[in-house]
Amino acid sequence: MSSVLTLESVPRPKKDKEARQDIASDAVASIGHVVKFADEPGGESRVVAHVERELPQGGIPAYLAARKTGARSFVLWAGPDRRARVATLVTTSAADGVATYQMLGAQGEPIGTVVREKALSGKGLRTRWTVAQTGCQEAVGLKGRIFW
């Protein structure tokens, strides 16, 4: 059997006046996504990290400019309250449908790499993810299905 990691959105409240005030005080709503782990496909899953986009210096305008080149930075938190950083993913290169991210541990030490190859960019019909942890065998995953 193989283990499964999934990225899921955190449900957000409707955008009325009261909900907007709640969002400002609710860390879970502002994080937006969680990573879940299951020991087997279709099995019981548990939250292992809360994902937050890390804005570069310069805020949103700098993020939008960097986004055009494919640059991203994400922080994985142990909980929605953002007290313990688990890891950080930072773009090292992004060109021709292939993006490479470096994974940094809680203290900023390199712990591996993630490579995303876009669908139809020369290697296949589905987006391919390759995760390489230092000293371990690579893990490869494909997004979606070719036929539904």
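The values are calculated or read from the model by the stated rules, or taken from the named source; none is laboratory data. All figures in this text were calculated on a predicted structure; none of them were measured in a lab. Positions of Cβ are backbone-derived with ideal geometry, glycine not excepted, and every protein chain shown enters the neighbour counts. With ligands, DNA and RNA removed, areas are computed over all heavy atoms of the protein, side chains included. Shrake-Rupley method; radii C 1.70, N 1.55, O 1.52, S 1.80 Å.
What residue, of S9, S2, is at pLDDT 80 or above, surrounded by fewer than 16 Cβ atoms within 10 Å (Cβ to Cβ) and closer than 27 Å to K143 by Cβ?
Just a single option satisfies the conditions, and that option is S9.
Specify the residue that is farthest from the chain's Cα centre (by Cα); the eligible residues are those in the stretch 92-127 that are among the basic types (K, R) and assigned to a loop (DSSP other than H, G, I, E, B).
Per the criteria, the residue is K123.
Of the residues that sit in the stretch 39-53 and are among the acidic types (D, E) and in a loop (DSSP other than H, G, I, E, B), which one is modelled with the highest pLDDT?
The selected residue is E44.
Going through R82, R53 one at a time, which residue ends up being touching an Asp or Glu at 6+ places or on another chain (Cβ under 8 Å) and surrounded by 12 or more Cβ atoms within 10 Å (Cβ to Cβ)?
R82
What pairs come out if I take residues in the stretch 88-102 that are among the aliphatic types (A, V, I, L, M) and pair them with residues that are open to solvent by 50 Å² or more (accessible area, probe 1.4 Å) and at pLDDT 85 or above whose C-beta lies under 6 Å away, six or more apart or interchain?
Final answer for the pair search is L89/F74; V90/Q102; A99/R116.
For residues in the stretch 136-148 being touching a strand residue (DSSP E or B) at 6+ places or on another chain (Cβ under 9 Å) and at pLDDT below 85, which is most open to solvent (accessible area, probe 1.4 Å)?
Among those residues, the one meeting the criterion is K143.
Give the residues of the stretch 97-125 that are more than 20 Å from R85 (Cα to Cα) and either surrounded by fewer than 16 Cβ atoms within 10 Å (Cβ to Cβ) or β-branched (V, I, T) (or both), sorted by residue number.
G97, V98, T100, V115, A119, L120, S121, G122, K123, G124, L125
Among the candidates A95, A119, A78, single out the residue that is out of contact with any Leu (no Cβ under 7 Å at 6 or more places or on another chain), farther than 21 Å from F37 by Cα and not acidic (D, E).
From the options A95, A119, A78, the qualifying one is A95.
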